[in-house]
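Peer 1: Structure below; questions to follow.
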Amino acid sequence: MVASIVVVNAILAPIVKYTYDPSEQYQTGRRCTIQHTGRDMELRVMVCIHNNENLPTILNLLEASYASRESKIGVTALVLVELQGRARPILVDNQNQLHDELRSMSCNASHIENALRQYGQQNEGYVSVQSFTSISTFETMYDDICRISLESGSNILILPFHKRWEIDGTVEISHRTIQTMNINVLQRAPCSVGILVDRSILNPSPSLLMARAAFYVVVFFIGGQDDMETLAYATRMARHECVYVTVVRFLLFGEENSKDRKRDSDLIDEYRYY
């Protein structure tokens, strides 16, 4: 009996792994992007938060996205908690219930949730906030991220960077597995993906939400779908009274009459007067 169980498992496991790919559910055929979202439509942003250090920068990014009566913002936040020991991976909807187990495993989760709730209250009527907590290994956490972004219809997904800057200016790798998670998400995500490289620990930025300070955004435009998506996001930010956007375009010599250059020029002009 033991030998038969071993043989069956040895045969079935490779067959199931070969025939079933769970990432196929994310391949919708049409990616949900910012540039295909109308000006008066809700912008849906999903942010993945690993620790409290990135929270001020994420809140500034959300505030700069300009929530208004004409164009609201739906925020889906996923707190990433690394699984400890032999506990079972779980995905928690923070709106429906309070988990003492969750708080014992990560004290950051409640702090992040409170900050997001305060952001939603200060933009009441314009912003809706929904938060989840994923307690899993970083090697498999991409599945929760892609599934939630698909179910929430997110236009853009913000991921944490796997490196961080120390106060003395040195750079260290905080979690190598976060890099693997980001690669898996980039390969499977049903929407646009941005990786947040946060250097605010070296030069803290003032709070755009509280101080209404001036923020300067620079877009380096080379060409292609990714740069078009970045330009669409920056155009939305430019509507904010405290955000100033500068577009720096790089041109390649010898392609003055190419169709791609003309299309990019028309797109930039269109967004300039948007």
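The values are calculated or read from the model by the stated rules, or taken from the named source; none is laboratory data. Because the structure is a prediction, the values reported are computed rather than measured. Reconstructed Cβ throughout: ideal geometry from the backbone, glycine too, with neighbour counts over all protein chains shown. These accessible areas exclude ligands, DNA and RNA; they are computed on the full protein's heavy atoms, side chains included. Shrake-Rupley method; radii C 1.70, N 1.55, O 1.52, S 1.80 Å.
Peer 1: When the accessible area of the range 117-184 is computed with all protein chains present and a 1.4 Å probe, what percentage of it is carbon and sulfur?
Peer 2: After summing per-atom areas, the C and S share lands at 48 percent.
Peer 1: Taking the mean number of other Cβ atoms within 10 Å as a proxy for protection, how do you rank 39-52, 146-159, 170-183, 232-245 from highest to lowest?
Peer 2: 146-159, 39-52, 232-245, 170-183
Peer 1: How would the range 118-167 be classified by its alpha-carbon gyration tensor: rounded, prolate or oblate, with rounded meaning a/c under 1.5 and the a/b versus b/c comparison settling the rest?
Peer 2: oblate
Peer 1: Two decimals is fine: what is log10 I(q)/I(0) at q = 0.14, 0.23, 0.29, 0.31 Å⁻¹ for the range 34-86, from a Debye sum with one equal scatterer on every Cα and no solvent?
Peer 2: -0.47, -0.91, -1.16, -1.23
Peer 1: Taking the Cβ-Cβ separation of residue 117 and residue 258 as r and a Förster radius of 45 Å, what is the calculated FRET efficiency to the nearest 0.05?
Peer 2: Taking R0 as 45 Å, the efficiency between residue 117 and residue 258 is 0.35.
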